[in-house]
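Accompanying notes for the structure given below.
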Amino acid sequence: MRQPWRRALVATTATSALAVGGLTAPALAADPVDRGRAGDPTITVPINDSEAGGTYDQVFERAYAGETPEGTPVYVYVPLGALAGPAGVDSLDPAFDHNPNDEFVPCADKSAEDYRLTQAQIDYLGDELKNQIVAVDEAHFGEMGPADPSDPESKSLVTLVYNIQDESYYDCSVTTYTAGYFAPHFMQSLGMNVIVLDALDWKNRIGDPTAVPWTDGDPSNDRPELYEGVIAHELEHLLMNYSDPGELSWVDEGLADVAAFLNGYDMTGSHLTYQQVFHRETSLTRWGGGLENYGASFSFFAYLWEQAGGNGGGDLTPDLAYDGTAGDLLIKLIFAEQADGMAGVQNAIDAFNAQTGAHLRSADELFQDWAVTMYLDDEDSARFDLKNFDLGPASGGWTVDIANDVFWDGRGTYQGAQPGAKWGKLPNRPDGTALPFGVSYEKFRNPGPRVSLKFDGDKTTVVAPHSGPTHWWGGYASQSDHVLGLDTPVTGGETVTFWNWHFIEEGWDYAFVEALVNGEWVTVPVTDVASGKVVSSDADPHGNNTEGNGLTGTSGGAYFVDEPQYLQYAVTVPAGATDLRWRYSTDAAYLDTGWFIDDVAVGGQAATVAPDGEGWIETTGAQNNNWTLQVISRCDLTPGKTTRGEIADGAGNFVYRYTGNQITTDTFETKCANGPGSDFVVSVSNLPTGDLAVLDAGYDYSVVKQKK
């Protein structure tokens with residue numbers, strides 16, 4: 001999915017993040033349209049409507065041309081005629097409808113004047129890109145390459161500015177919009193490195209509104225350097241596309257927000273706000289595309305940058321230069337690491353420690369400390385603080401406690417003793433479900449003078465095979481085509497059956513069954529054996545099912561409504577076919593659990609399969625859960641002794657950290673915290689490992705009164 005950088009329309013929230021990288025483009029296929037080259041006076045761009053679906057061509061005109069000190073050309077293009085005013089301009093006027101025959105009607109409440117672009121604004125933004133953003137991003141992350149490998153001159157950067165068609169374009173009630181995106185398909189369709197920016201309200205979102213001449217003068221509308229930050233964010237995605245196009249979204253999106261941060265742009269606002277409010281609903285490592293996901297990823301990597309030393313020499317304020325040490329070095333190592341996700345973060349930490357002689361903590365321990373930090377954020381603590389952000393003021397006034405008490409109506413806040421009968425009936429107690437690398441916080445006041453906790457977490461979570469001990473899983477990677485081959489010979493007219501479980505991002509990612517006919521792989525229709533209905537589809541809303549016969553969504557039910565089921569599917573081998581395979585194709589950004597296959601048969605006889613290259617995994621379907629229970633207190637709950645897992649930060653905070661599937665804590669003496677403050681906060685996280693590490697898991701715990 002092209003994951004957009006979403007920006008809240010309401011005044012209380014700030015920016016959000018966008019799409020990730022893709023595969024380096026091959027030489028361009030023949031195109032009947034002369035689309036032009038980067039730098040031409042006009043170019044013709046195929047634009048995809050992410051909400052209504054479909055693609056249309058739009059002519060853009062060059063509004064800015066410059067060159068970085070290193071010689072990289074940069075261009076800004078706007079829809080043809082935009083500089084004369086937005087009214088009536090295709091892809092700019094909010095009344096524009098590229099397909100008036102479908103059911104999607106542009107929101108009638110929007111004014112064309114809100115999308116006015118001026119040459120002065122474009123020059124200002126282009127100069128910022130030319131003089132700073134490209135240099136800062138490339139220094140901290142990596143180099144930009146030629147979009148078309150056959151054309152060295154395609155090593156340039158094109159920024160397209162238009163009114164992006166997204167959910168808010170059609171639905172007036174939607175309060176966020178896509179502020180920008182990077183989509184790797186432009187590398188193939190145009191042969192250009194392209195970043196897209198939205199055209200909304202440039203007068204208040206380019207530069208500092210207190211200093212630029214085009215502001216409307218109303219401070220309540222000010223969004224300083226919003227689009228500059230979007231460009232810095234999106235450029236990181238473009239650079240990741242050249243470095244590691246399969247990197248998981250949570251890493252890429254977090255680093256993209258770090259890019260804006262390292263450029264000196266304000267990163268307070270909706271990302272951190274939504275993370276604080278929706279902390280319990282947010283997985284760090286399973287990307288959901290919400291503002292809270294961006295907040296978690298960004299704050300995690302910002303915390304790592306600070307814990308590794310920032311710029312070095314004790315300086316934790318971005319200085320716009322790559323210092324080659326401390327946090328700058330760690331972030332660059334994470335960016336360059338080819339292993340994905342948390343494994344890649346750990347590899348980068350190992351390399352960082354080897355290169356610098358530092359003793360930075362493991363990725364898991366840093367996650368545990370980050371979980372505490374997002375609750376405490378104590379400026380006096382070297383371990384449990386984000387130095388660049390004062391959570392609360394930096395997150396729209398929201399903290400974890402305020403969110404639980406106000407937004408969630410007292411969720412996870414308990415007063416007094418908690419005997420079993422009471423504990424089991426509490427209406428404000430959240431259910432015992434943990435997202436992978438998520439965090440839950442529950443607060444206890446005056447539970448008794450001496451208490452302990454008993455915790456029980458699921459050891460494993462399983463997507464069970466249809467039969468036998470194992471089945472085949474298509475893996476969990478962005479921008480991938482994972483192939484599972486059929487080893488058993490086939491001939492035209494034979495029936496191949498297989499049992500299938502899939503939860504695939506509907507309309508964006510697809511699963512295909514393909515046959516080799518006359519030396520070419522072609523997709524074939526897929527039928528549900530029980531119903532006899534064709535379950536594959538030729539629908540192609542976003543250009544990811546051009547081959548047709550794609551499977552997407554949820555097997556046996558409605559997408560994001562029903563649980564997937566294992567169903568038996570069948571295909572008929574086409575005449576002349578000599579081979580068969582299963583291909584799981586994902587785009588950039590969001591991923592669902594994926595595609596499982598079991599019990600393949602040819603003509604009713606059991607067949608054998610094997611992966612063609614990397615990606616498909618033979619697995620039991622089990623995720624190994626690794627639980628962390630942390631008790632957080634602003635005073636010593638085990639006075640006179642240092643207990644197992646106890647961490648004292650020297651700033652008056654005490655953390656008691658326990659790991660395992662079954663945990664009984666030490667006895668806590670809560671007298672020091674009695675009164676209006678919280679006695680302690682319980683934090684629960686699951687740090688799963690194994691073939692699958694993306695599933696929810698269940699747990700339960702209780703508060704046990706102890707005698708002296």
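Annotations for the structure displayed:
- Alpha-carbon centroids, region 77-110 and region 322-360: separation in whole Å: 45 Å
- Surface composition of the chain: carbon plus sulfur atoms hold 50% of the accessible area, using a 1.4 angstrom probe and ignoring ligands, DNA and RNA.
- Rounded accessible area per residue of region 187-310, 1.4 Å, Å²: 20 Å²
- Share of pairwise Cα separations in the chain, more than 50 Å, in percent: 17 percent
- Label-point separation, residue 521 to residue 546 (7 Å along Cα→Cβ), nm: 1.5 nm
- Rg/Rh for region 85-146, where both radii come from Cα atoms and Rh is the Kirkwood radius: 1.19
- For the chain, the 222 nm mean residue ellipticity estimated from helices alone, with every DSSP H stretch of n ≥ 4 adding -39500 (n - 2.57) and the total spread over all residues, rounds to -5500 deg cm²/dmol.
- Gain upon complete extension [residue 65, residue 40; 0.36 nm per residue less C-alpha separation]: 8.0 nm
- Once the C-beta distance of residue 402 and residue 101 is scaled by a Förster radius of 45 Å, the resulting FRET efficiency is 0.40 to the nearest 0.05.
- Annotation note: chymotrypsin sites (Phe, Trp or Tyr not before Pro) in region 520-602 located in DSSP loop regions with a Cβ neighbour count of at most 14 within 10 Å are 560.
- Residues in region 420-429 carry Karplus couplings, in order, of x, 5, 5, 4, x, 10, 5, x, 9, 8 Hz; the curve used is 6.51 cos²θ - 1.76 cosθ + 1.60 with θ = phi - 60°, and Gly or Pro positions show x.
- Residues in region 115-143 reached by a label modelled at residue 87 [backbone nitrogen below 18 Å; 7 Å Cα→Cβ]: 115-118
- Average accessible surface area per residue within region 584-706, 1.4 Å rolling probe, Å²: 38 Å²
- Cα centroid separation, region 374-417 to region 515-549 (Å): 49 Å
- Residues whose amide H falls under 5 Å from that of residue 284, counting only those 5 or more places apart or on a different chain, are 438, with hydrogens built in the peptide plane.
- With R₀ set to 30 Å, the beta-carbon distance separating residue 208 from residue 379 gives a calculated FRET efficiency near 0.65.
- Å² of accessible area per residue within region 357-401, as computed with a 1.4 Å probe and no ligands counted: 36 Å²
- Loop trypsin sites (Lys or Arg not before Pro), region 499-601 (other Cβ atoms within 10 Å of the site Cβ: 12 or fewer; DSSP): 533
- Simple spin-label estimate for residue 359 and residue 175 gives 4.8 nm between the two label positions (7 Å along the Cα-to-Cβ direction from each Cα).
- Farthest toward positive dipole pole in the chain [+1 Lys/Arg, -1 Asp/Glu at C-beta], among 449, 516, 372: 449
- Neighbours of residue 408 by Cβ distance under 15 Å: Lys/Arg scored +1, Asp/Glu scored -1, total -3.
- Of the Cα atoms belonging to region 535-643, the radius of gyration and Dmax stand at 22.6, 81 Å.
- Relative contact order for the chain: 14 percent, from Cα pairs under 8 Å spaced at least 6 residues apart, divided by residue count.
- Both radii were evaluated on the Cα set of region 404-502; the Rg over Rh quotient, with Rh as the Kirkwood radius, amounts to 1.24.
- Available extension along the chain between residue 33 and residue 488 is 159.4 nm, counting 0.36 nm per residue and deducting the alpha carbon span.
- Based on Cα atoms of region 53-197, Rg over Rh with Rh as the Kirkwood radius reads 0.99.
- For region 211-298, taking the reciprocal of the average inverse distance between every pair of different Cα atoms yields a Kirkwood hydrodynamic radius of 14.0 Å.
- Label zone at residue 689, where the point sits 7 Å out along the Cα-to-Cβ direction: region 276-297 residues whose backbone N lies under 19 Å: 284-286
- Farthest toward the positive end of the dipole of the chain, out of 195, 65, 297, is the Cα of 297, where the dipole comes from beta carbon charges about the Cα centre.
- Two-decimal log10 I(q)/I(0) for region 281-380, as the Debye equation yields it once each C-alpha is a single scatterer, q = 0.10, 0.12, 0.17 Å⁻¹: -0.27, -0.39, -0.79
The values are calculated or read from the model by the stated rules, or taken from the named source; none is laboratory data. In this text the structure is predicted, and so the values were computed from the model without any measurement. Note that each Cβ is placed from the backbone with ideal geometry, even for glycine, and that neighbours are counted across all protein chains shown. Accessible surface is based on the protein model in full, side chains and every heavy atom, while ligands, DNA and RNA are left aside. Shrake-Rupley method; radii C 1.70, N 1.55, O 1.52, S 1.80 Å.
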